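The values are calculated or read from the model by the stated rules, or taken from the named source; none is laboratory data. Everything numeric in this text was worked out from a predicted model, so none of it was measured. Heads up, the Cβs are rebuilt from the backbone with ideal geometry, glycines too, and the neighbour counts pull from every protein chain shown. Each accessible area value is taken on the protein alone, full model and side chains, heavy atoms only, with ligands, DNA and RNA left out. Shrake-Rupley method; radii C 1.70, N 1.55, O 1.52, S 1.80 Å.
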Amino acid sequence: TAVTVENPPSPKAIIVAGGSPFDILWPATEKNAGLAYEALRFQGYSDDDIYLMSGMAFSAEVDASATLGNLSNAVNAWANTQPRDGVLYLMGNGDTGVFEINDTERLSATELDQWLDNLQNNMSGRITVIYDACRSGSFLPLLTPASGKERVLISGSGDEQPACFLSDGDISFSGFFWRGVLNGDTVREAFSDAGSALSM
């Protein structure tokens, strides 16, 4: 007996390089967004299963500009096709409970939580959220998944801490984390190694 599965569920990943190309953090944001893309491809994600958003088309892999509308569409429509698992990576400027997706728009943690809850209604696996910005830890208590759903939440700084982006992002939580993933570490190992590297 042969069983053929057409269009099996595949993992989906969304990368958001937030802010403006004129920001002082832009070199770090651009570099780490590219590193995240490379690491996810190494993990087996196809180009079609990675949606990269940026304020500037710094590579051919950029699919859309970083706006609230495009992110809403990516989470609520593009990724919401019964995916197996999901990854959302946000990088750039932030403050308590908000991510600065571009010069004029802010994404709140409560709005993102609603989008992720809707996405997980059609998902059998888990969502991993990696957020690296100042005070990114303030998002964590507000992104609690619905009962019976699994959500892994990773932040590059505490709820009252600035983020570290030195050497154009080479020395940063994102830099250490995604290089760990690219070297074959699990998410847990990459998180532990990135935290240890920044505390040295």
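Under 8 Å between Cβ atoms, which residue pairs at least 6 apart in sequence (or on different chains) link something in the range 165-185 that is open to solvent by 40 Å² or more (accessible area, probe 1.4 Å) with a partner that is among the basic types (Lys, Arg)? So the pair list comes out as Asp168/Lys31; Asp170/Lys31.
Counting only residues that are over 15 Å from Asp159 (Cβ atoms) and either at pLDDT below 95 or of a type in the set (Asp, Glu) (or both), the range 92-101 holds 3 of them.
Are any of the residues in the range 55-69 touching a strand residue (DSSP E or B) at 6+ places or on another chain (Cβ under 6 Å) and of a type in the set (S, T, N, Q)? Taking every residue of the range 55-69 in turn, none turns out to be touching a strand residue (DSSP E or B) at 6+ places or on another chain (Cβ under 6 Å) and of a type in the set (S, T, N, Q). Contact map, the range 135-148: residues that are over 21 Å from Gly125 (Cα atoms) paired with residues that are open to solvent by 40 Å² or more (accessible area, probe 1.4 Å) and modelled with pLDDT under 90, Cβ distance under 8 Å, separation 6+ or inter-chain. Pairs shown: Arg135/Pro162. Scan the range 100-119 and give yes if some residue there is without any contact (Cβ under 8 Å) to a residue 40 or more places away in the chain, touching a Pro at 6+ places or on another chain (Cβ under 8 Å) and surrounded by fewer than 21 Cβ atoms within 10 Å (Cβ to Cβ), otherwise no. Within the range 100-119, one or more residues are without any contact (Cβ under 8 Å) to a residue 40 or more places away in the chain, touching a Pro at 6+ places or on another chain (Cβ under 8 Å) and surrounded by fewer than 21 Cβ atoms within 10 Å (Cβ to Cβ).
Looking only at residues in the range 1-60 that are β-branched (Val, Ile, Thr) and at pLDDT below 85, the one that is most open to solvent (accessible area, probe 1.4 Å) is Thr1.
In the range 145-162, how many residues are small (Gly, Ala, Ser) and surrounded by fewer than 17 Cβ atoms within 10 Å (Cβ to Cβ)? Break it down into steps so the answer makes sense when it comes.
Start the filter on the range 145-162 by keeping residues that are small (Gly, Ala, Ser), which leaves 146-148, 155-158.
So of that shortlist, the ones also surrounded by fewer than 17 Cβ atoms within 10 Å (Cβ to Cβ) come out as 146-148, 158.
Qualifying residue count for the region: 4.
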